[in-house]
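Below is one structure, written out as structure tokens; comments come after it.
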Amino acid sequence: MNCESSSVGDYNLVHHILAAIAIMLLGGIGALIPVLSARFPWITPHENIATFGSFFGTGVVIAAAFIHMVPPAVRHLSNPCLMNNYGPIASLFVMVTVLSMHLVEFIMA
């Protein structure tokens, strides 16, 4: 068992910076729609469309977490170089986070 640190691998900094800029721009546009709709009534989306968009966005965040974050977290926390097996703790964090997101969505809707 080799417990030395490993290299980062194929990490493309330019792609990560561009992705962060795209997320900030699109998030800013999405956050400005309610602000602009107060001034320009023709921008106001229908209530059902806004609710669907909110639920769809929550689903995208949860799906991205399950696909991109949970498997590496379980793999790294189950590493034999750790003193204990912390793999189940990653699943606990996922469960608490999903339930918290649903609670917040339920309270805000």
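Overview of results
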| item | result |
| --- | --- |
| Where the chain is the region considered: accessible area per residue in Å², 1.4 Å probe | 85 |
| Solvent-accessible surface (1.4 angstrom probe) belonging to residue 104, in square angstrom, nearest 10 | 80 |
| Kyte-Doolittle at least 1.6, axis length at least 30 Å by Cα - qualifying DSSP helices, the chain | 13-39, 87-108 |
| For the chain: relative contact order, % (alpha-carbon pairs under 8 angstrom, 6 or more apart) | 22 |
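The values are calculated or read from the model by the stated rules, or taken from the named source; none is laboratory data. Note that the structure is a prediction, hence the values are computed from the model and not measured. What goes into the accessible areas is simple: the full protein's heavy atoms, side chains included, and nothing from ligands, DNA or RNA. Shrake-Rupley method; radii C 1.70, N 1.55, O 1.52, S 1.80 Å.
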